[in-house]
Amino acid sequence: MAPPDSTRWPLTTEVSGDENEKRTADALLATYHYYDTHGKRAAGDPAQDTPASLRSELSLGGLAGLLKHLRFAGAARPARPLHSHVAMGGEVVASDRMDIHLLWTNEGKLFVKPVPRFLLSLDFCRSNLQCPDGCTCRDPLADACRGIPRRVAFGFLYTYACLISSESDFHIANEISCCLTLARELLQVHEHDPGVIHPRFLRAELRLSRLNTISRLTSLPHFNPYVRGHYTYGNLFRDNLAWIATATVFVVVVLTAMQVGLATERLQGDATFQQASYGFTIFAILGPMGAFALVTLYALFHLVKGLPSLLRSLGKRTAADRAVSSAKPRTMA
C-alpha cells in the first residue's frame, strides 16, 4: 500500500450505507452552532455554509492550545476498547463535542462523540475534506486549506478503530455499520503515514481533572477550567464541603489517637511527641477554616468575574423591555 497524499482523503471504503444517496444535505447535521461577531451564540444551516459547519463540528476548541501539555493528562497510546471501560465499571456518555471526545472523569465517565454521518460518506469527505490541487497545507488558516479538519477527522475515526475492535465493542457503541472493515484500512493508513492523524488523538483518553488544572495554570490570571464542572454555587459548595468533611473526620481520628497517647506515661514526657501534638492541633483548627475560606474565595472570584457581563445583559434586557412597552398601542378609556 503506497503512502497516501497528505492533501487527500486517504480512505477508500464506503460505509455510509446507500451508495445512491449522495446529496450533501442528507449527510450534514441539522444545524451547527457558532459565535457571531458580537460574541453571541447562533445557529446556522450547514447546507448554506458547509466549510463553516465542518470547522465547527471538527473543532478542538481550547484543546488545540494545550497540545504541548497533554502529556500530563494522558499517555501516548491508542484508545482502549469500549468493553474494557465498561468492565472496569466505567460509563460511556455520548457527547457531540469533538474537544471532549475521550475525556474521562474521576467518577469513571468516558465522553465519546458519536460518528457524524458525513464522515462515513466517501464522496462527501473527498469533496469537503480534501485540499485543492497545489495546496501544501503550510497555511492552515487559509479558507481553501482543509488540512487541520482532515487530520482531526482522520484522528477521530482512528480512535473509533481502536475503541471498536470486536463485536462486543460494536454492540456497546451501536453507532455505525461496517466499522470493522473500516478499522483495518484506518490502521493501514496510519501505519504508512502517522502524520495524517492530528497530534491530539495520539493520546487517546485524557483525564479531565488534569486538563482543568492545566487550563487553570495556563490561563492565568483568569484561572478558567477546561470544562466547568459546577454551574451553580450550591453544587460548588456541596462538592467541596464533602471532601472537607472527609478530611475533618481523618483529623478527628488523629487527634483522638494523640489524646490517648498523651494520657500514657511513656509519651507524657516525650518532647517530640508533645511538639507534634501541638503542631497538629493548630493545623486541625486552622486547616478546615482555611479550606472553607479558599472555596468561598473561589466562588467570590467567579462571581466578581462574571458580574460585568451579568450587569450588561440585565441592562440590555431592561432596555429591550422598555422598547417593547413603549411600542404598545395605548387604549382609550
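Assign one of three labels to the stretch 24-218, namely rounded, prolate or oblate, based on the Cα gyration tensor with a ≥ b ≥ c the square roots of its eigenvalues; rounded applies when a/c is under 1.5, prolate when it is not and a/b is larger than b/c, and oblate otherwise. List each step's numbers first, then the result.
Values: a/c = 1.43, a/b = 1.21, b/c = 1.19.
Rounded, since a/c falls under 1.5.
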Long-range amide H partners of Val93 with built H, under 5 Å: Leu110, Phe111, Val112
Nitroxide proxy distance, nm - points 7 Å out along Cα→Cβ at Val304 and Thr264: 4.9
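Test of understanding: ordering His302, His33 by Cβ neighbours within 10 Å, fewest first, what list do you get? Spell out each step's value before the answer.
Numbers: His302 16, His33 13.
Placing the least packed residue first, the sequence is His33, His302.
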Enumerate the calculated ³J(HN,Hα) couplings along the stretch 295-302 in order (Karplus 6.51 cos²θ - 1.76 cosθ + 1.60, θ = phi - 60°), each rounded to whole Hz, writing x wherever the residue is Gly or Pro. 5, 5, 5, 5, 5, 5, 4, 5
Only Lys, Arg, Asp and Glu count, each charged at its Cβ (+1, +1, -1, -1), so figure out the dipole size of the stretch 53-164 about its Cα centre, rounded to 20 debye. 280
List residues of the stretch 148-168, by number, whose backbone nitrogen lies under 17 Å from a label position 7 Å along Cα→C-beta of Gln188. 158, 161-162
Using the number of other C-beta atoms within 10 angstrom as an exposure proxy, rank Tyr35, Tyr298, Tyr160 with the fewest first. Tyr35, Tyr298, Tyr160
Nearest 5 percent is fine: what portion of the DSSP beta bridges confined to the stretch 24-218 is antiparallel? 45
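Give me Glu205, Glu107, Glu91, Glu185 ranked fewest to most by other Cβ atoms within 10 Å of their Cβ, as a rough exposure proxy.
On the way: Glu205 20, Glu107 8, Glu91 13, Glu185 17.
Ascending number of Cβ neighbours within 10 Å: Glu107, Glu91, Glu185, Glu205.
Bear in mind that the values in this text are calculations on the coordinates, not laboratory data. The structure displayed is predicted, hence computed values, not measured ones. Heads up, the Cβs are rebuilt from the backbone with ideal geometry, glycines too, and the neighbour counts pull from every protein chain shown.
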